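To start, the structure itself, in structure tokens.
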Amino acid sequence: MLDLIFQPLQYTFMQRAIEIGLLVGILCPVVGTYLIVQRMALLGDVIAHCVLPGLSISYFLRIDLLIGAFVSGILGSFLISGIRAQTRIKADSAMALTFSTFFALGVTLISVLKNRRLLDEFLFGDILSITNIDLLRTGIITGVILLAVFIFYKELLFYMFDHTAAQASGLPVNTIQFAFMAAVTLTIIASMNAVGVILAIAMLIGPALTAYLLVKELYQMMLVGAGIGIFSTTLGIYFSYYQNLPSGPAIVLVTSAIFLTVLMFDPASGLVSQRIKAKF
């Protein structure tokens with residue numbers, strides 16, 4: 001049994017995969033918790049697609065992909081906020097329009113700029129090809145975001161649950177909103193190499209949503225979600241290694257399996273558990 005655990009760790013690429021998996025497993029659920037509380041889970045999906053044009057341009061110009069992805073993601077966020085603020089269009093409609101527009105632009109740029117290989121990397125990632133630079137970058141992003149959440153926890157809590165009262169009390173809600181959009185964008189970028197940008201949405205939402213079924217307090221959701229994220233990424237990487245599976249999808253499937261298990265069998269609110277209690 002111990003050989004199954006330690007044998008893959010003799011390889012450097014597996015060590016780096018586990019390390020970045022741990023970082024992503026912690027970061028995504030913490031940020032995802034705020035998306036779920038605000039009922040804006042779709043926002044992560046939208047921003048994930050918004051980064052594609054920036055990735056394509058950065059890849060073509062041979063500059064850091066992080067720069068293009070971040071700028072493109074933030075532009076998409078601003079577009080959504082602008083449409084909501086200046087028109088009668090609702091948030092879901094604004095996000096749907098932005099989602100389709102940026103993704104179409106990204107696919108077009110990939111075709112025109114002839115960097116088709118980027119699309120596969122964008123969609124699915126490759127956690128087993130992580131470099132030390134990727135690991136360092138993800139570590140810095142994770143550290144900065146977690147530190148900001150720790151320092152401004154009370155302000156974020158106030159803003160998330162009562163936006164109007166937070167604005168009336170003098171909190172810089174526009175700055176908080178921009179910082180939150182930036183955090184979501186950076187989280188997706190940090191997860192890009194591990195599970196791919198599209199599958200990063202599952203890591204943002206899955207562990208946090210599972211934690212939502214298990215606990216009530218916001219900080220508990222973040223802690224439990226991070227624990228589930230760590231377990232999911234680690235187990236998914238081992239499945240990927242032993243079963244020769246794509247690493248990103250393997251991680252997401254483990255995450256989904258945990259969610260479904262809790263949804264069905266949680267003693268307090270599981271669907272199966274409730275039916276058993278009803279019979280007795």
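All of the numbers you see were taken from the coordinates with simple rules; none came from a lab. None of these values were measured; they are calculated from a predicted model. Using ideal geometry, Cβ is built from the backbone for each residue, glycine included, and neighbour counts are taken over all protein chains shown.
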Check: Convex hull volume of the Cα atoms in the stretch 178-267, per residue, in Å³?
Finding: 92
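Neighbouring Cβ atoms within 10 Å as the yardstick, rank T185, T12 fewest first. Write down the numbers at each step before the final one.
Values: T185 25, T12 10.
Lowest to highest Cβ neighbour count: T12, T185.
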Check: Dipole size in debye (nearest 20) for the stretch 1-117 around its Cα centre, Lys and Arg Cβ +1, Asp and Glu Cβ -1?
Finding: 440
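Evaluate 2.2 N^0.38 Å with N set to the residue count of the chain, then give the Cα radius of gyration divided by it. The partial results should precede the final answer.
Numbers: Rg = 19.4 Å, N = 280, 2.2 N^0.38 = 18.7 Å.
Here the Cα radius of gyration is 1.03 times the empirical estimate.
Quick one: H163, H49, fewest Cβ neighbours within 10 Å first, how do they rank?
Numbers: H163 15, H49 26.
So the ranking, lowest neighbour count to highest, is H163, H49.
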Next item on the list: Among Y242, Y159, Y219, determine the one that fluctuates most according to a GNM of the chain built with springs between C-alpha atoms less than 10 Å apart.
Entry: Y242
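Going by how many other Cβ atoms sit within 10 Å of their own, how do S191, S72 line up, fewest first?
Lowest count first: S72, S191.
Where nothing but the Cβ of Lys and Arg (+1) and of Asp and Glu (-1) is charged, how large is the charge dipole of the chain around its Cα centre, in debye to the nearest 20?
Working: 15 positive and 13 negative charges, 114 e Å.
Taking the Cα centre of the chain as origin, the dipole is about 540 debye.
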